[in-house]
Amino acid sequence: MENFTLYNPTKLHFGKNTINNLGSTIAKYGNRVLLVYGRNSIKENGIYNEVMVQLKNIGAEIFEYSGIRPNPIVEDVDFAARLGRNNQVDVILAVGGGSVIDSAKIISISIPVSHSAWDFYSGLKKPVSSVPLIAVLTLAATGTEMNPFAVLQNQKSRQKLGWGHPLCFPKDSFLDPQYTFSVPQNYTAYGIADLIAHCLEAYFGKGDTTLSDRIAISIIKEAMFYGPMLLTDLKNYEYREKIMYAATLGLNGITLAGKSSGDWGVHNAGHILSLLFDTPHGASLSIVYPAWINILHEKLGEKLEHLGMELFGEKNLDKISNCFKYFFKSIGCPTSLSEIGITEDSKHQIFETMVMNKVSGANYSLTETDLRNLIDKMQ
Ligand code: NZQ
Ligand code: ZN
């Protein structure tokens, strides 16, 4: 095992109606609240009203920033940070999926400074302090509710980058599986693909930790067992809670203990599809993962064989990528570029953008030839 520090200060409030404690939790930090959310979903499903009741109960003064989009952009973060700074907010409340919570994390470290949030991503600036962040999660997928990472997109520099800092952990995260009832079939499936992908990135990461690997495999098995049942019964509380908890554990640090890092090559490649074609994050991963396993199966060797046996009872290395493909297909995720309308004509653009963004993995590096093969296998 590699030496490691496991640090996770987020307090998780999991289960039915846990939102009843939201008001009192926010009040600990003050009453000037920057409320950050996406587009319409929280108004359509009633979560907005429930949050408002909590805020009104504590007499909060509310400043709203809405419109955070999936695959969030730095401009929104900069605008919202200005709003928070000008109004001297005490606390940020993020209500939404990964895009909203990720944006709110960067808003929380941008309010105390005056430069663009992108300076953190380009390494020009380091965060010095943060406004406390409380999260209400409405989509199970990313694990952002209990980790310090945030992924942002910069259209001008043509980058979508993941970055993290301990100041970005939410103080408290509220996870009521009922709040995910309204997530449509496609995004529910993308969330399942994403949480599985996080476990795979950890499993194929740097460092030999049998226990972390067993935890990662258990989370994948949970998702592969309950995910398909959930997709036929979207308002089933039990299935929603299983997937929500699995997604949180999938990227809260526990699967990476004893490793110096995850691999993240597939995520890096997937981010290029989101950047170029606005592909939903989980859908980018269900396309890239089988292709990545396919081109690297010999290098992945015993590690892949073990995984194939555990998940599919398959030890034939060149068949395991197809097992993943069939699983992702079975839950309604795309497994090829053509399925999401990306034609062969875009191959060169994808390749160039991958090279420009230095797409590779921490454990399994990808050469330009690998990237070309990967794109071919994704067609
Ligand atoms: O815009 P709104 O109205 O919020 O609608 C969203 C959005 O259209 C909708 N939605 C969310 N909750 C809903 C709902 N619709 C109905 N009912 C609900 N309860 O779902 C759509 C997608 O939301 P989004 O937040 O984009 O999805 P997700 O949670 O998958 O987040 C994706 C983002 O997280 C990043 C991704 O790169 C991507 O930008 N990631 C963050 C990570 C992290 N911080 O650790 C790790 C991940 O690997 C990932 O990269
Ligand atoms: Zn992910």
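The values are calculated or read from the model by the stated rules, or taken from the named source; none is laboratory data. The model shown is predicted, which means the values in this text are computed figures rather than measured ones. Neighbour counts run over all protein chains shown; Cβ positions are idealised from the backbone, glycine included. In case anyone asks, the SASA skips ligands and DNA or RNA and just uses the protein heavy atoms, side chains included. Shrake-Rupley method; radii C 1.70, N 1.55, O 1.52, S 1.80 Å.
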Exercise for review: Would you mind counting up the charge near residue 153? Only other residues with Cβ under 14 Å from its Cβ, with Lys and Arg at +1 and Asp and Glu at -1.
Suggested key: -1
Review point. Is the shape of the stretch 193-295 rounded, prolate or oblate, going by the alpha carbon gyration tensor and its root eigenvalues a ≥ b ≥ c, with a/c under 1.5 for rounded and a/b larger than b/c for prolate?
Key: oblate
Review point. Among the lysines, which have Cα under 19 Å from the Cα of residue 43 when same-chain residues fewer than 8 positions away are ignored?
Key: 56, 235
Exercise for review: Run down the aspartates and glutamates and flag those whose C-alpha is under 18 Å from the C-alpha of residue 11, throwing out any fewer than 8 positions away in its chain.
Suggested key: 102, 145, 172, 176, 241
Revision key, fill the gap. Per the helix-only model, the chain has a calculated mean residue ellipticity at 222 nm (DSSP H runs of ≥4, -39500 (n - 2.57) each, divided over all residues, rounded to the nearest 500) of -15500 deg cm²/dmol
Review point. Considering only DSSP beta bridges with both partners in the chain, what is the antiparallel share in %, to the nearest 5?
Key: 25
Revision key, fill the gap. With all protein chains present, the chain has a carbon and sulfur share of its accessible area (1.4 Å probe) in percent of 49
Revision key, fill the gap. By the Cα gyration tensor axes a ≥ b ≥ c (a/c under 1.5 gives rounded; else a/b larger than b/c gives prolate, otherwise oblate), the shape of the stretch 34-115 is oblate
Point to revise | Relative contact order of the chain, pairs being alpha-carbon contacts under 8 Å that are 6 or more residues apart, as % | key: 17
Study note, to complete from the structure: The rounded separation in angstrom of the Cα centers of the stretch 289-306 and the stretch 130-160 is 29
Study note, to complete from the structure: To the nearest Å², the heavy-atom accessible area per residue of the stretch 1-80 with 1.4 Å probe amounts to 54
Exercise for review: Take the cross-link list 206/299; 125/358; 105/347 and give me the ones stretching past 25 Å between alpha-carbons.
Suggested key: 105/347
Review point. What fraction of the DSSP beta bridges in the stretch 86-218 is antiparallel, stated in percent and rounded to the nearest 5?
Key: 45
Point to revise | the stretch 239-379, Rg to Rh (Cα coordinates; Rh as Kirkwood inverse mean 1/r) | key: 0.96
Check your understanding: If you count, for each residue, the other Cβ atoms within 10 Å and average over each peptide, how do 258-268, 21-31 line up from highest to lowest?
Key -> 258-268, 21-31
Exercise for review: Give the residue from 354, 41, 189 lying farthest towards the positive end of the charge dipole for the chain; charges sit on Cβ (+1 for Lys and Arg, -1 for Asp and Glu) and the dipole is referred to the Cα centre.
Suggested key: 41
Exercise for review: List the pair-distance distribution P(r) of the chain, using every Cα-Cα distance, as the percent of pairs falling in each 20 Å bin from 0 up to the bin containing the longest distance, rounded to whole percents.
Suggested key: 30, 59, 11, 0
Practice item. Using only the alpha carbons of the stretch 31-174, determine the length spanned along each of the three principal axes and report them from longest to shortest in whole angstroms. Key: 41, 30, 24
Check your understanding: Where Rh is the Kirkwood radius over the Cα pairs of the stretch 193-249, the temperature 10 °C and the viscosity 1.306 mPa s, what D in µm²/s does Stokes-Einstein return?
Key -> 136
Check your understanding: What's the center-to-center distance, using Cα atoms, between the stretch 64-113 and the stretch 251-270 in Å?
Key -> 25
